[in-house]
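The values are calculated or read from the model by the stated rules, or taken from the named source; none is laboratory data. This one's a predicted model, so the numbers in the text were calculated from it and none came from an experiment. Note that we place each Cβ from the backbone using ideal geometry, even for glycine, and neighbour counts take in every protein chain shown.
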Amino acid sequence: MKQLLLIVSGALWFGNCTVRAAEKVDFVKDIQPILQQTCVKCHGPEKQKGKLRLDSKEATLKGGKDGPAFIAGDAEKSEMYRRITLPKGNDDIMPNEGEPLTKAQTDLIRDWINQGATWPDGVIIQVATTAPPSSAPALPAVKLVEIKSSPAELAAIAKLETLGVSARPIAVNVNWKEINLRMQGSSATDAMLVNLKDIATLVDLNLAGTKITDAGLANLAKLTNLTELHLEQTSITDAGLAHLKGLTNLAYLNLYGTGVSDAGLEQLKGLTNLRKLYLWQTKATSNGVTNLQKTLPNLDVNTGWDLSTLVKKPEKEAEKKEEEKK
C-alpha cells in the first residue's frame with residue numbers, strides 16, 4: 001500500500017511540475033504587449049509619472065519615487081502588482097487612465113514576477129501609436145453601405161448561438177455585427193468558422209488564441225465587409241493570409257505571435273484600406289515591412305520593439321571596451 005501511495009504521489013508531483021513548466025510566462029509574448037498598450041504612455045521616454053519608466057529593463061529595475069516597480073520572485077511585495085490590482089476608482093490604481101487591466105492580464109504579470117521577472121536584454125518597449133480597439137471596429141476609409149441580414153445569415157447566427165457564440169450589433173440601431181471567439185479558446189476550431197461564411201454583416205472578428213488553421217481562414221474569404229480581424233497567438237502562417245486577399249475593407253489586422261513571414265506580407269499588398277498591422281513576434285523582417293509600406297504608404301506597422309537598439313548595442317559595447325583600454 002505504501003509503495004502504491006508513493007507511486008501515485010510521484011505521478012501527481014511529476015504531472016504538476018509538467019503543468020507549471022507549460023505555464024511559464026513569456027515576456028515578449030505575454031507581458032510586453034500589456035506594458036506597451038497600458039503603461040509606457042505614462043511611464044516611458046516622454047512622460048514619467050512618479051519618476052518611473054517601464055520601457056526598458058534597466059529603467060524598470062531602477063524604479064521611481066516609490067522604489068522598484070517589482071521584486072523579482074515576489075509579486076505580493078511588488079508595487080506594480082499592488083497598483084494594477086487596486087479597485088477601479090482608487091487614486092493609486094495603474095493604469096489611472098482608461099479601463100483597469102483584466103484579471104487575466106494582472107494574473108500574467110503576477111506569474112511573470114513570481115517566476116523571476118525575466119526581461120530579455122535589449123528589448124525596448126515603444127509607446128503604442130494606437131491601442132487595439134476594444135469596442136468599435138476600425139472602420140476603413142470607404143464607408144460601408146449597410147445591408148440587411150439574409151436568411152442564410154440568420155441561420156448561421158442561430159447555429160453559433162447553440163455553440164455559445166454571440167453575433168452582436170456593434171452599436172444600437174446598427175446591423176453590423178461583431179463576433180469574439182477568443183473566450184472559446186481551444187474549442188474554437190475551423191469547424192466553427194464554417195458558420196461565419198454567410199454572415200455578410202460581420203465587420204469585427206476576434207479569433208485570437210483559438211485553434212484555427214490556415215485552411216479555416218478560407219471561410220472568411222467572402223466577408224468583404226470585415227474591417228477588423230484579430231489572429232494573434234494562432235497557428236496562422238503565410239498560407240492563411242492568401243485567403244484574406246479579397247477583404248478589401250480590412251482596416252485592422254493583428255498577427256502578433258503567428259508564423260507569418262515576409263512572404264505573407266506580400267499577400268496583403270492589395271488591402272488598400274489597411275491602416276493598422278501588428279507584427280509582434282512573427283517571422284517578418286524590417287525589409288518585408290518596408291516593402292509593404294511602399295505599396296501601402298498609409299499603413300502603420302507595429303512590431304512591438306525598437307530593432308535599432310538590438311543592432312546598436314554590440315557597437316556600443318565595443319566602443320566602451322575601447323575606451324576602457326585607453
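Of all residues in segment 226-248 being surrounded by fewer than 22 Cβ atoms within 10 Å (Cβ to Cβ) and out of contact with any helix residue (DSSP H, G or I) (no Cβ under 6 Å at 6 or more places or on another chain), which is farthest from Asp190 (Cα to Cα)? Let's see the steps before the verdict.
Within segment 226-248, the first condition is being surrounded by fewer than 22 Cβ atoms within 10 Å (Cβ to Cβ), and the residues that meet it are 233, 235, 237-239, 242-243, 245-246, 248.
Now narrow it down to the ones that are out of contact with any helix residue (DSSP H, G or I) (no Cβ under 6 Å at 6 or more places or on another chain): 233, 235, 237, 239, 242, 245-246, 248.
Values: Gln233: 15, Ser235: 12, Thr237: 15, Ala239: 15, Ala242: 16, Lys245: 19, Gly246: 19, Thr248: 22 Å.
Here the residue is Thr248.
Scan segment 219-249 for residues that are small (Gly, Ala, Ser) and over 28 Å from Val174 (Cβ atoms) and jot them down.
Going residue by residue through segment 219-249, those that are small (Gly, Ala, Ser) are 221, 235, 239-240, 242, 246.
Hits for segment 219-249 are Ser235, Ala239, Gly240, Ala242.
Go through segment 257-270 residue by residue and tally those that are buried (at least 24 other Cβ atoms within 10 Å of the Cβ) and assigned to a loop (DSSP other than H, G, I, E, B).
Counting residues in segment 257-270 that are buried (at least 24 other Cβ atoms within 10 Å of the Cβ) and assigned to a loop (DSSP other than H, G, I, E, B) gives 3.
Please indicate, with yes or no, whether at least one residue in segment 165-176 is touching a residue at least 24 places away in the same chain (Cβ under 8 Å), assigned to a strand (DSSP E or B) and not acidic (Asp, Glu).
The answer is yes, given that some residue of segment 165-176 is touching a residue at least 24 places away in the same chain (Cβ under 8 Å), assigned to a strand (DSSP E or B) and not acidic (Asp, Glu).
From the list Thr102, Thr38, which residue is farther than 24 Å from Pro120 by Cα, of a type in the set (Ser, Thr, Tyr) and within 24 Å of the chain's Cα centre (by Cα)?
Residue meeting the stated conditions: Thr102.
Scan segment 55-69 and report the pairs whose first residue is touching a residue at least 60 places away in the same chain (Cβ under 8 Å) and whose second residue is among the hydrophobic types (A, V, I, L, M, F, W, C), with Cβ atoms within less than 6 Å and a gap of 6+ or a chain change.
Listed by first residue and then by second, the contacts come to Asp55/Val40; Asp55/Ile125; Ser56/Ile124; Lys57/Trp119.
Quick check on Leu217: is it at pLDDT 95 or above, surrounded by 16 or more Cβ atoms within 10 Å (Cβ to Cβ) and under 21 Å from Ala152 (Cα atoms)?
yes
Can you list the helices (runs of 4 or more DSSP H) found entirely within segment 34-115 that contain at least 3 residues being surrounded by fewer than 19 Cβ atoms within 10 Å (Cβ to Cβ)?
Of the helices (runs of 4 or more DSSP H) lying wholly inside segment 34-115, those with at least 3 residues that are surrounded by fewer than 19 Cβ atoms within 10 Å (Cβ to Cβ) span 57-62, 103-114.
Quick one: in segment 160-180, of everything that is more than 26 Å from the chain's Cα centre (by Cα) and of a type in the set (Val, Ile, Thr), which residue is surrounded by the fewest Cβ atoms within 10 Å (Cβ to Cβ)?
Result: Val172.
Please tell me if Gly73 is modelled with pLDDT of 85 or more and either over 26 Å from Glu232 (Cβ atoms) or in contact with a helix residue (DSSP H, G or I) (Cβ under 6 Å, 6 or more places away or on another chain) (or both).
yes
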